[in-house]
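Novice: Sharing a structure below in structure tokens format, with a few things to ask.
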Amino acid sequence: MHYIVLDLEWNQCPAGKARENPNLPFEIVEIGAVKLNEERKIVDYFSEMIRPKVYRKFHYRTRELLHLDMKEFAGARSFPEVLADFWAWCGDDCRFCSWGPLDLMELQRNMHFYHMKNPLPMPLLYYDVQKLFSLLYEDGKSRRSLEDAVEQLQIEKDIPFHRAYDDTCYTARIMERMDWDRVKEFESVDYYRLPSCRQEEIHLVFSGYGKYVSRMFGSREEALRDKEVLSVRCYECGARMRKLLPWFNASSRQYLSLNECPVHGLVKGKLRVKKTPNDRVFIIKTLKRIGEEEADELRLHHENVKKRRREKEAGAE
């Protein structure tokens, strides 16, 4: 098995969002990747520029980042040609890694634009190295830029940033420094292709929490009536949990609950409502074991939500 560390550079409509192609808001102009063995050592690389088809001029932000001129793409190959060679280079037994969650999503969006077959597995699990960096060195929630992470680990900055191949080299160096055994179980889920039926829904269990990704629904209301979405079985033992606080609307797109497993104790539930590009919705549910202090904070949050609702209703009378 190999790790494929991927980084893409893309361009967007230079005339602004109002005139962009809605099927291709970000057009890939460069693919960079390095292949790592199981010890996370670089064994091969892939780097190629791609001739733009949709946006023939650079957006000013892209030009500032890449320091490239369109004339340099005159001899470049098309996206389908480059990608065919990229898949062959990757091989069959590999796991993708990237700094942040966007690269694989935009890769698939560009593939869809060119009506190319998607060879990636579904569900697509990958390593978000930016997230893993936060889990190891910070609070697990913050997200640092690649350059900041390189500086924090005191890695030598001997090549530029913001070019695809160079950024994969820095990401690979960070991965090599990591205590991989501590974070390798925490794979991320790519949400470009979503479950279309109950049988495809995703259930994952990690150390400390469980994750569920629903199929797509026509509306938030439909999703929040679904039994599987609302269920609160313990992700560790499967036991039905007692609801101490039922699901409540904590923010515009987030619902929380407090539950108790007879074996594993207090468990916090979180539902996040996500929109798809075609205005459907899906749910990401996480269940996580917590202590009494965090449970008390959740109870207080619930009381504050109820209080604000009562004040709003009173004001409307």
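Novice: Take the alpha carbon atoms of the range 151-204, find their center, do the same for the range 95-129, and report the distance between the two centers in whole angstrom.
Specialist: Going from one Cα centre to the other spans 12 Å.
Novice: In whole percent, and with a 1.4 Å probe on the protein chains, what portion of the accessible area of the chain is carbon and sulfur?
Specialist: About 47 percent, which is the carbon plus sulfur part of the accessible surface.
Novice: By the scheme Lys and Arg +1, Asp and Glu -1, what is the net charge of all other residues having a beta-carbon under 14 Å from that of residue 196?
Specialist: After counting each charged neighbour, the total is +2.
Novice: Once ligands and nucleic acids are excluded and a 1.4 Å probe is used, how much of residue 307 is accessible, expressed in Å² to the nearest 10?
Specialist: Approximately 110 Å² for this residue.
Novice: Then there is this: Rounding to the nearest 20 debye, state how big the charge dipole of the chain is about its Cα centre with +1 on each Lys and Arg Cβ and -1 on each Asp and Glu Cβ.
Specialist: Computed about the Cα centre, the dipole is about 1620 debye.
Novice: So, one more: Can you tell me the accessible area per residue over the range 87-128, all protein chains present, probe 1.4 angstrom, in square angstrom?
Specialist: Heavy-atom SASA per residue in the range 87-128 reads 47 Å².
Novice: With unit charges on the beta carbon (Lys/Arg positive, Asp/Glu negative), name the residue among 195, 134, 34 whose Cα is farthest towards the positive pole of the charge dipole of the chain.
Specialist: With unit charges placed on the Cβ atoms, the residue in question is 195.
Novice: Which value, in Å², gives the accessible area per residue of the range 11-56 when a 1.4 Å probe is used on the protein heavy atoms?
Specialist: Here the per-residue accessible area is 54 Å².
Novice: Let me ask something else about it. Grab the DSSP H runs of the chain that are 4 residues or longer, score each as -39,500 (n - 2.57), total them, divide by all residues and round the 222 nm result to the nearest 500 deg cm²/dmol.
Specialist: When only DSSP H runs of four or more count, the value is -9000 deg cm²/dmol.
Novice: For a protection proxy built on the mean count of beta-carbon atoms within 10 angstrom, sort 6-14, 258-266, 161-169 highest first, please.
Specialist: The densest-packed peptide leads the list: 6-14, 161-169, 258-266.
Novice: Could you tell me how far the Cα centroid of the range 285-317 sits from the Cα centroid of the range 210-247, in Å?
Specialist: Measuring centre to centre over Cα atoms gives 18 Å.
Novice: Projected onto the charge dipole of the chain (+1 at Lys/Arg Cβ, -1 at Asp/Glu Cβ, origin at the Cα centre), which of 241, 223, 74 gives the Cα projection farthest towards the positive end?
Specialist: Result: 223.
Novice: Using the Kirkwood radius built from alpha carbon pairs, what does the Stokes-Einstein equation give as D for the chain at 10 °C and 1.306 mPa s, in µm² per second?
Specialist: The diffusion coefficient I find is 72 µm²/s.
Novice: What accessible area per residue, rounded to a whole number of Å², is obtained for the range 198-253 using a probe radius of 1.4 Å?
Specialist: 57
Novice: What percent do you get for the relative contact order of the chain when only Cα pairs under 8 Å and 6+ apart count?
Specialist: Once divided by the residue count of the chain, the mean separation gives 13 percent.
Novice: Compute the relative contact order of the range 1-87 as a whole-number percentage, counting only Cα pairs closer than 8 Å that sit 6 or more residues apart in sequence.
Specialist: 28
The values are calculated or read from the model by the stated rules, or taken from the named source; none is laboratory data. All figures in this text were calculated on a predicted structure; none of them were measured in a lab. Glycine gets a Cβ as well: all are built from the backbone with ideal geometry, and neighbour counts include every protein chain shown. Remember, those area values only see protein heavy atoms, side chains included, never the ligands or the DNA or RNA. Shrake-Rupley method; radii C 1.70, N 1.55, O 1.52, S 1.80 Å.
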